[in-house]
1. Pairs of alpha-carbon atoms within less than 8 angstrom and 6+ residues apart define the contacts here; what relative contact order does region 88-202 have, in percent?
2. Aspartates and glutamates near LYS196 by alpha-carbon distance under 19 Å, same-chain residues fewer than 8 away left out - which ones?
3. Whose amide H sits under 5 Å from the amide H of SER52, counting only residues 5 or more places off or on another chain, with H placed in the peptide plane?
4. With all protein chains present, how much of the accessible area of the chain (probe radius 1.4 Å) comes from carbon and sulfur, to the nearest whole percent?
5. In deg cm²/dmol and to the nearest 500, what is the mean residue ellipticity at 222 nm of the chain if only DSSP H runs of at least 4 residues count, each as -39500 (n - 2.57), divided by the residue total?
6. Relative to the longest principal axis of the chain, what angle (0 to 90°, nearest 10) does the C-alpha long axis of helix 163-186 take?
7. Heads up, I need the accessible area for GLU193: 1.4 angstrom probe, whole protein in place, Å², nearest 10.
8. Would you mind getting the accessible area per residue of the chain, heavy atoms of the protein chains only, 1.4 Å probe, in Å²?
Amino acid sequence: MNIAVFASGRGSNFEAVFSKIQAGEIRAKIKCLISNNPEALALEFAKKNGISAFAIDIKSVASMEQFLKILEDNEIQLIVLAGYMRLIPNEVVERYFNKIINIHPALLPAFGGKGCYGMNVHKKVIKSGVKFTGATVHFVNNNYDEGQIIAQETVPVFQEDTPEDVAKRVLKVEHKLLPQVVKQICENQLVWENNKPWIKTL
Ligand code: GRF
């Protein structure tokens, strides 16, 4: 399966997926890395590892055309958002419907939506007093964090936790969950039942 990864920053989830592909555990190829942020470490990682890397922020018709051309030229079958901090334009969502997945650092539909990103999520988690949080992999639609949920994993929240502690605990789970879902999609293990996606072996 031909994959495009979109990342805006550090790119540790991108690295987690890449390393499983390198290890032969996922039968896929990351054909390109797209970032809206020219400073993203993810771009550096891609270049070092021979993956075509593009810094494009879709703000104009021309950049949108360039964006879609990259996806078409690379015959992309799955788009993985790994810490991508921009709303995916309708045109892309429609063209790649149910072919775009995102990892979110909380148990959606809680702690999602506009403004719920990065450390904000974990601050809100602590403030709310929930005893569990976690990571969610979901399909992407036109609204932030509202697409169908594919898989989730929980982690506990402890009394003495800081947002940074929670972030660290959740990130560890993200690095497991995202590659796992990518693998299952590549192996055709995702089934739809009652209009909901399920991973057969999770
Ligand atoms: C992750 O926590 C992800 O869930 C969120 O942004 C963070 C990105 O981290 N959407 P990284 O760039 O993959 O290291």
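The values are calculated or read from the model by the stated rules, or taken from the named source; none is laboratory data. Small disclaimer: the values here were computed from a predicted structure and weren't measured. Here the Cβ positions follow ideal geometry from the backbone for every residue, glycine too, while neighbour counts run over all protein chains shown. Side chains are part of the model used for accessible areas, which takes the heavy atoms of the whole protein and leaves out ligands, DNA and RNA. Shrake-Rupley method; radii C 1.70, N 1.55, O 1.52, S 1.80 Å.
1. Over region 88-202, the number comes to 25 percent.
2. The reachable aspartates and glutamates, counting only those whose Cα sits under 19 Å from LYS196, are GLU94, ASP145, GLU146, GLU153, GLU187.
3. Close amide H contacts, sequence-distant or interchain: LEU33.
4. The C+S portion of the solvent-accessible surface of the chain is 50 percent.
5. -11000 deg cm²/dmol
6. So the inclination is approximately 50 degrees.
7. 110
8. Heavy-atom SASA per residue in the chain reads 52 Å².
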